[in-house]
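I have placed the structure first, in the form of structure tokens, so that the comments after it can refer back to it.
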Ligand code: NAD
Ligand code: UDP
């Protein structure tokens, strides 16, 4: 493993994953700079870190160049939930593509390693199941999800071209659906939607029949995977799938959340959004063999912790 990087830049540091990553990096002794434009991230997510002399937060949009001095970069800035990334699709593509160019340019100047938070969405609506890294995907380039999917695909292209052309040390993680405390309560993602609906006694909005599947990874496991990938010795570039390979249908998830919250909420079917992938599950053999990484948190345990978080959040808002 490489020497511990001292100064670490986390773009999207005030977001769901970014805030957990900043916390873990600080805990291991790094100086952390969070860069975020607070589009979907919240200052509340990092408020508890601000008292640390080793943590700084900068408001900045990564579609503009950034001049800072760091030893390592995690590029997480990008809205991740469908309602957020479809709110301003042009900005979403700009963040993925121009943002990647700016962060890669920074890494090139600093000669430092850079990790890209890519996504299982690069596989689109997969025809190969579960998805190995070698699968090239089935993405609709002109649909409503394309701003995110194609933006992230182009970002991967840029990472690999900077690696080949400029010898830059890159790491590309393909992250599958991740959940946990600090998810945005209104981001429309299935775990946060169902939990908030269950806790407030509203019907759980099941899109389609709920037969579509996802594989849900608890945030602490995912962050461990990102840290291992960044720290791994060269020549490991990825892309590497990071996710929990336990597949669950969305209908089963609804039932589980109703049972765990003890809610009396009903389940209400709503139309399936356009281009909603029918199945998704990571093949994690690479991550397991090359990083010694496997998720440890069972779904029910992770959901219980997430429910606790939303209970506190909703109580504070009352
Ligand atoms: P999030 O929306 O909570 O966090 C994204 C952060 O990026 C937010 O704080 C937002 O304000 C910031 N941001 C957006 N555009 C920006 C810009 N132009 N300049 C600076 N900051 C900007 O989402 P998340 O779930 O924490 O996702 C983080 C990263 O991981 C994203 O790149 C996402 O694509 C990737 N990812 C997440 C998941 C998941 O399940 N959570 C799955 C696959 C990939
Ligand atoms: N979903 C649902 N009800 C909701 C929100 C989402 O049934 O209130 C479904 C959605 O159609 C998709 C799955 O849950 O099939 C996961 O959706 P999410 O937005 O969390 O992630 P993504 O589709 O990007 O994997």
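From the list 204, 227, the lone residue that is over 23 Å from the mean Cα position of the chain (by Cα), away from ligand 1 (no atom under 14 Å from the Cβ) and closer than 20 Å to residue 181 by Cα is 204.
Only residues that are surrounded by fewer than 19 Cβ atoms within 10 Å (Cβ to Cβ), more than 16 Å from ligand 2 (Cβ to nearest atom) and part of a loop (DSSP other than H, G, I, E, B) were counted in segment 67-121, giving 6.
Taking the criterion of being more than 28 Å from residue 305 (Cα to Cα) and either part of a strand (DSSP E or B) or modelled with pLDDT of 95 or more (or both), the residues of segment 233-256 that qualify are 237, 238, 239. Take the residues in segment 271-286 that are over 19 Å from residue 248 (Cα atoms) and loosely packed, with under 14 Cβ neighbours inside 10 Å; name whichever of them is farthest from ligand 2 (Cβ to nearest atom). So, considering only residues that are over 19 Å from residue 248 (Cα atoms) and loosely packed, with under 14 Cβ neighbours inside 10 Å, the one farthest from ligand 2 (Cβ to nearest atom) is 285. When restricted to residues that are assigned to a helix (DSSP H, G or I) and surrounded by fewer than 23 Cβ atoms within 10 Å (Cβ to Cβ), segment 194-222 contains 6.
You will find that of 171, 153, the residue that is at pLDDT 95 or above, assigned to a strand (DSSP E or B), over 30 Å from residue 318 (Cβ atoms) and touching a helix residue (DSSP H, G or I) at 6+ places or on another chain (Cβ under 9 Å) is 171 and no other. Just so you know, in segment 257-294 the residues that are under 28 Å from residue 173 (Cα atoms), outside any loop (DSSP other than H, G, I, E, B) and touching a residue at least 60 places away in the same chain (Cβ under 8 Å) include one that is nearest to ligand 1 (Cβ to nearest atom), and it is 282. Restricting the first member to segment 182-206 and to residues that are within 13 Å of residue 216 (Cβ to Cβ), and the second to residues that are more than 10 Å from ligand 2 (Cβ to nearest atom) and modelled with pLDDT of 95 or more, the beta-carbon pairs closer than 6 Å and six or more apart or on different chains are 183/16; 194/257; 195/257; 195/307; 195/310.
So, residue 30, is that one more than 29 Å from residue 122 (Cα to Cα) and either away from ligand 2 (no atom under 16 Å from the Cβ) or surrounded by fewer than 24 Cβ atoms within 10 Å (Cβ to Cβ) (or both) or not?
Working: more than 29 Å from residue 122 (Cα to Cα): yes; either away from ligand 2 (no atom under 16 Å from the Cβ) or surrounded by fewer than 24 Cβ atoms within 10 Å (Cβ to Cβ) (or both): yes.
So residue 30 fits the description; yes.
The values are calculated or read from the model by the stated rules, or taken from the named source; none is laboratory data. What you see is a predicted model; the values in this text were computed from it and never measured. So basically every Cβ, Gly included, is an ideal-geometry build from the backbone, and we count neighbours across all protein chains shown.
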